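Structure first, commentary second.
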Amino acid sequence: MTILQVTQLSGGYNKADVLHDVSIAVGKGEIVTIVGANGAGKSTLLGAIVGMLPRTRGDIVYDGRSIRETTTDRIVRQGTSLVPERRQLFGSMTVLENLLLGAFGIRDRTLIERRIDEQFRRFPILQERRSQAAQMLSGGQQQMLAIARGLMSAPKLLLLDEPSLGLAPLIVQQVLDEIRKLRDEGATVLLVEQNAVAALRIADRAYVMSGGRVVDDRPPQVLLADQAFAQAYLGGGEGDSMESRIRAKADESRRATVGGVQPEK
């Protein structure tokens, strides 16, 4: 069952189109990833889907109904949740207060408390830090809080914008493992990610964007083995496959750890 169908969508900022005839589909219970270089239009596409940016042509059908003319607040109330790039938490507010903001459309206090308990079970570290200001959390903990806040509304469709941005490799893997668990529990995820290797390894399907257009939609496993794709999006040399680049990055991370170098968080 298709929960999101974007058809020949164009749009962007003010009068300038950044997206050009973009078409993607997301099926219920899938992780669908959109990869591409910086400036490819990935984040712009998410903004257009949720109504935060203008759509000039094309259509967006969510759960069987067109939402092209629907406002952002109504799209959220209909079951879509966006976890934005760089998390955008309220830094001076506590972990608990940030979670409560994710439940702004829910009036049932008992339901809110149950959702909070669900997120604390999913991310136990957040329960330990529930009274701590969000700005005092590590980068990985902040990303977990951003995802937990997005899940407070129990969305039918979760949009994740660059969840690995600025995180150390080991923390990236933890975050991606949680995304995969969400899918295994029945969630539907549209994942925008510049880290193509990480995204493709957990995705059910993939789209590649460049210059505001979808330029490839082959299965993730095929893209991982494609030498030309590795060279274009990971700087791989001639003869390097995506998997060889994965191994090289893993070896680099292990050497840094053994050498006592702390990866950036």
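Residue-wise HN-Hα couplings along region 159-169, as the Karplus relation 6.51 cos²θ - 1.76 cosθ + 1.60 with θ = phi - 60° gives them from phi, are 9, 10, 10, 6, x, 8, 4, x, 9, 5, x Hz; Gly and Pro carry x. Placing +1 on the Cβ of every Lys and Arg and -1 on the Cβ of every Asp and Glu, with nothing else charged, gives region 93-154 a dipole about its Cα centre of roughly 60 debye.
Based on the reciprocal of the average 1/r between different C-alpha atoms, the Kirkwood radius for region 172-220 equals 11.6 Å.
Size of region 134-218: Rg and Dmax of its alpha carbons, in Å, are 13.3, 41. Scaling the Cα radius of gyration of region 93-154 by the globular reference 2.2 N^0.38 Å produces a ratio of 1.00.
For the chain, the residue among LEU126, VAL35, ALA25 whose Cα projects farthest onto the positive side of the dipole built from Cβ charges is LEU126. Among LEU19, LEU170, LEU182, determine the one that fluctuates most according to a GNM of the chain built with springs between C-alpha atoms less than 10 Å apart. Most flexible of the set in this elastic network: LEU170.
Quote the relative contact order of the chain in percent (integer), defining contacts as alpha-carbon pairs under 8 Å separated by 6+ residues. List each step's numbers first, then the result.
Working: 493 pairs, mean separation 64.1, N = 265.
Computed over the chain, the figure is 24 percent.
The residues packed around ASN98, meaning those with a beta-carbon under 12 Å from its beta-carbon, carry a net charge of +3 if Lys and Arg are +1 and Asp and Glu are -1. Looking at the chain alone, DSSP beta bridges between its own residues are antiparallel in about 55 percent of cases. Measuring nothing but how far apart in sequence close Cα pairs (under 8 Å, 6+ apart) lie, relative to its length, region 21-106 scores a relative contact order of 18 percent. The separation of region 178-213 from region 130-176, counted between C-alpha centres, amounts to 15 Å. Only Lys, Arg, Asp and Glu carry charge here, each on its Cβ (+1 for the first two, -1 for the last two); on that basis the chain has a dipole of about 600 debye about its Cα centre.
Across the chain, Cα-Cα distances exceeding 23 Å account for 54% of all pairs. Take each peptide in 216-222, 33-39, 107-113, count the other Cβ atoms within 10 Å of every residue, and average; sorted highest first, the result is 33-39, 216-222, 107-113.
Give me the percent relative contact order of region 93-154, please, defined on Cα pairs under 8 angstrom at least 6 residues apart. Please list the in-between numbers first.
Details: 59 pairs, mean separation 34.8, N = 62.
Computed value for region 93-154: 56 percent relative contact order.
Under a Cβ-Cβ cut-off of 15 Å, what is the net charge of the residues other than ASP217 that fall near it, where Lys and Arg count +1 and Asp and Glu count -1? Write out the running numbers ahead of the final one.
Details: positive: LYS42, ARG205, ARG213, ARG218; negative: ASP21, GLU30, ASP204, ASP216, ASP226.
With Lys, Arg at +1 and Asp, Glu at -1, the neighbours total -1.
No value in this document is a laboratory result; all are computed from the given coordinates. No experiment lies behind these values; they were computed from the predicted model shown. Using ideal geometry, Cβ is built from the backbone for each residue, glycine included, and neighbour counts are taken over all protein chains shown.
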